[in-house]
Amino acid sequence: MIKNKYLSLFMFLFLLVTDRVSAQRTEVKDPEISTMVGEVSAANLEVLVKRLVSFHTRHTLSDTISKTTGIGAARTWIKSEFEKYAQSSGGRLQVSYDTFLQPADGRRIKEPVILKNVMAILPGTDPEDKRMLMVSGHYDSRVTDVMNIKDFAPGANDDASGVAAVLEMCRIMSKYKFSGTLVFVAFVGEEQGLYGATNLAKRAKEEGWNVHLLMNNDIVGNSYGMETDIKDNKSVRVFSEGVPAGETKEQAAARQSAGTENDGKARQAARYIKEIAEKYVDQLEVKLIYRRDRYLRGGDHTPFSQQGFTAVRVTEMNEDFNRQHQDIRTENGFKYGDLPEYVDYTYLQKVTRMNLSVMANLGLSTQEPENVVVVTSGLTNKTQLKWDAPKGKQPYGYYVLMRETTSPFWERKFFVKEPMATLAYSKDNYFFAVQSVDEKGHESLMMIPRPGR
């Protein structure tokens, strides 16, 4: 075991060939991230889900006066949980409501209403690192009739599970320090039309936030698949779009020229999530779904995508639709409804650990290399890449990633110390990307090169 450890370090440090490109090193876990991952508690997640269910309904238009029932009581409690974590953070965690007036829409909002997202922001330690890494779930719930604001709407899996994951991550991560800023969000109004996420995405755009990645967790606590009768507590889906929603004509032309329709920022983030999560979380396989979302469904990542930010959706592998958007009832001996006893808390623990490992690794990493270019000034069967060092904390080195054009995953990594590399592989036959890496192995997101000289 010790021999393998030192071999990994040797592979990372030693440059093998004259163009200063080395072989990929064996993956080594950061003990600090492993400690955080280990702190995620299935018991805590169950307590959080059941507490959210206890508000009877969290319908977006439900009671805001009661201290025990309705959307108002739920958001007050979520904010109080964040505030407890703020005390443990030494006051670094900043807790607030993102309050806005939602106009009537003629469909699911009959008259103007004041809505509130609940947010906790942990500022980064590097003043030159403007990245904002966001994780979210939505705290509103519903039954069969989307306008029913009175009946019991537990919303245990949809989406108390996602909010519980966000809260548990915040509890743990707020005690640590990261270069980038971490943002934990409980959205409102998802069931009525993604209104909470739409408001915050627009605000982020208007205020110039650098939302580097949003991982939206919606329906992440069930391991049983309706109809298939399959129980799968080892797989989780990450939905990502290939072509950015806000793509300009110039960007479209560049994409078509390079053939990178499968390499949008969201899709690169999904690949990153798979690599990091499967390194830190045992018995978990991240399934990359090359769609923005499921058929006939939507989620809070979409408004962020539409504003040009990198956003993905995290969802359980096999859904049980008898437990979603259902009136609580028993028919022919079968109990319908999104109740807490149907949440698999060990599975939810894995999904939470997945989110945490990715957010921590990215939050501790250096920023991405800038101005990444694949040199196209001459005809050659090699590939020459160059780039600029990122701002802020300087990387230990860089990884050049390579894959076949038909491969969904990056297949090889080459380590280099300088901001350039020449590979004995044709740029016409492979896709390439570059990412920064620090001395502890924390990797940035991947940057696809643009053609240049």
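The values are calculated or read from the model by the stated rules, or taken from the named source; none is laboratory data. As the structure is a computational prediction, the values presented were derived from the model and not from experiment. Please note: Cβ atoms are built from the backbone with ideal geometry, for glycine as well, and neighbour counts cover all protein chains shown. With ligands, DNA and RNA removed, areas are computed over all heavy atoms of the protein, side chains included. Shrake-Rupley method; radii C 1.70, N 1.55, O 1.52, S 1.80 Å.
So what's the chain giving for Cα Rg divided by 2.2 N^0.38 Å, two decimals? Intermediate values should be presented prior to the final figure.
Working: Rg = 22.5 Å, N = 453, 2.2 N^0.38 = 22.5 Å.
The chain yields a ratio of 1.00.
Note on segment 165-180 and segment 87-107: Cα centroid distance 17 Å, given to the nearest whole angstrom.
Taking the helices alone, the chain has a mean residue ellipticity at 222 nm of -9000 deg cm²/dmol, built from -39,500 (n - 2.57) per DSSP H run of at least 4 residues and averaged over all its residues. Of MET147, MET36, the order by accessible heavy-atom surface (1.4 Å probe, DNA, RNA and ligands excluded), from most exposed downward, is MET147, MET36. Heavy atoms of the protein chains alone define the surface here; on that basis the chain has 43 Å² accessible area per residue at 1.4 Å probe size.
If we count every other residue with Cβ under 15 angstrom of SER141's Cβ, Lys/Arg +1 and Asp/Glu -1, where does the sum land? Let's see the in-between values first.
Details: positive: LYS50, ARG51, ARG58, ARG75, ARG108, ARG142, LYS150, ARG323; negative: ASP63, ASP140, ASP145, ASP151, ASP158, ASP159, GLU190, GLU191, ASP218, ASP300, ASP327, ASP338.
Computed value for this residue: -4.
Give me the percent of Cα-Cα pairs in segment 389-453 that sit more than 15 Å apart, rounded to a whole number.
Working: 1086 of 2080 pairs.
Counting pairs separated by more than 15 Å, the tail of P(r) holds 52 percent.
Against the criterion of solvent-accessible heavy-atom surface with a 1.4 angstrom probe, ILE289, ILE65 sort, most first, into ILE65, ILE289.
In a fully extended conformation the segment linking THR346 and ILE289 would gain 18.2 nm over its present Cα-Cα distance, using 0.36 nm per residue. Largest to smallest in accessible area, the residues LYS202, LYS350, LYS116 fall in the order LYS202, LYS116, LYS350 (1.4 Å probe, all protein chains included). Compute the signed sum of charges (Lys and Arg +1, Asp and Glu -1) over the other residues within less than 9 Å, Cβ to Cβ, of SER88. So the environment of SER88 carries a net charge of +3.
Which residues make up the longest stretch of the chain that has no GluC sites (Glu not before Pro) in a DSSP loop with at most 16 other Cβ atoms within 10 Å? Working shown, then result.
Details: sites that count: GLU27, GLU128, GLU207, GLU227, GLU247, GLU261, GLU411, GLU439.
Longest site-free region, per DSSP loop and neighbour criteria: 262-410.
With both partners inside the chain, how many of the DSSP beta bridges are antiparallel, as a percent to the nearest 5? Counting only bridges with both partners in the chain, antiparallel ones make up about 65 percent. If you plug the beta carbon distance of THR330 and ALA43 into 1/(1 + (r/R0)^6) with R0 = 35 Å, you get a FRET efficiency near 0.75.
In order along segment 383-393, the Karplus-derived 3J(HN,Hα) couplings, from 6.51 cos²θ - 1.76 cosθ + 1.60 at θ = phi - 60°, round to 10, 10, 10, 8, 6, 9, 5, x, 6, x, 3 Hz, and Gly and Pro are given as x.
For segment 146-211, the alpha carbon positions stretch 44, 30, 13 Å along the principal axes, listed from largest to smallest.
Distance check, please: which entries in LYS393/LYS417; LYS205/LYS427; LYS50/LYS231; LYS202/LYS350 exceed 27 angstrom between their Cα atoms?
Numbers: LYS393/LYS417 15 Å; LYS205/LYS427 35 Å; LYS50/LYS231 22 Å; LYS202/LYS350 31 Å.
With Cα atoms farther than 27 Å apart: LYS205/LYS427; LYS202/LYS350.
ARG267 contributes an accessible area of around 20 Å² to the protein surface, as traced by a 1.4 Å probe with all chains present. For segment 168-233, with all protein chains in place and a probe radius of 1.4 Å, 45% of the accessible heavy-atom surface sits on carbon or sulfur. THR248 sits with roughly 60 Å² accessible to a 1.4 Å probe, with DNA, RNA and ligands left out of the calculation. Taking trypsin sites (Lys or Arg not before Pro) across segment 54-106, the ones in a DSSP loop with at most 11 further Cβ atoms lying within 10 angstrom of their Cβ are LYS67. With both residues required to sit in segment 93-251, DSSP beta bridges show an antiparallel share near 55%.
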